[in-house]
Amino acid sequence: MLKKYLMTKEQRNPAIFLPLSLRFAKEYLKQFCEMRKKYTDEKIQESKELTIIHRALWTALLVEMRKLFENSEFDNHSLKKTGFFKQEPYKSKVDKIFGDADMNKLLKTAYTFTTHLSKNKEKVYSVSEICNSKLEKLLNELQGSMDIFERSAQN
């Protein structure tokens, strides 16, 4: 069934899933970093429940970021492939965010740490680096453009 779906390249509605991915990425980042403030590395590692929650938040954050910024083989499955975000002034904003060093480290971590797809042994973008980065600011900068995109798709 999955192979059939992938071969048909069915289109999902980007006006629905891209705003959701942005919302979830922001929420996961916030929860992930709040957890890191509340618990030490040792406390998380000692607790099976905390380890599971920590890993789930980290993985979910990386998945949503990849959905937003990756060059998917499917049309309309990322900001870089969606027609609206290929136009100015939105293209410049997406390119700026996608080109940011913090964003690039996070996307590389998605391949090396979470999905284990990369042949390169890149250094994993650490929890403290993620939480001390400007990722939250970058995602917030994208919100205005996403709101315009969502409204324009409803008309």
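Return the residues of region 115-137 that are in a loop (DSSP other than H, G, I, E, B), modelled with pLDDT of 85 or more and not polar (S, T, N, Q); say none if nothing qualifies.
If the condition is that a residue be in a loop (DSSP other than H, G, I, E, B), modelled with pLDDT of 85 or more and not polar (S, T, N, Q), then Lys134 is the only one that fits.
Please pick out the residue among Ser78, Ser21 that is among the polar types (S, T, N, Q), in contact with a Pro (Cβ under 9 Å, 6 or more places away or on another chain) and closer than 19 Å to Phe149 by Cα.
Sole residue among the options that is among the polar types (S, T, N, Q), in contact with a Pro (Cβ under 9 Å, 6 or more places away or on another chain) and closer than 19 Å to Phe149 by Cα: Ser78.
From the residues in region 21-56 that are under 20 Å from Asn132 (Cα atoms) and of a type in the set (Asp, Glu), which one is surrounded by the fewest Cβ atoms within 10 Å (Cβ to Cβ)?
Filtering first and then ranking leaves Glu42.
Go through (1) surrounded by 18 or more Cβ atoms within 10 Å (Cβ to Cβ); (2) in contact (Cβ under 8 Å) with a residue 12 or more places away in the chain for Thr59 and report which single condition fails.
(1)
The values are calculated or read from the model by the stated rules, or taken from the named source; none is laboratory data. Everything numeric in this text was worked out from a predicted model, so none of it was measured. All Cβ positions, glycine included, derive from the backbone under ideal geometry; neighbour counts span all protein chains shown.
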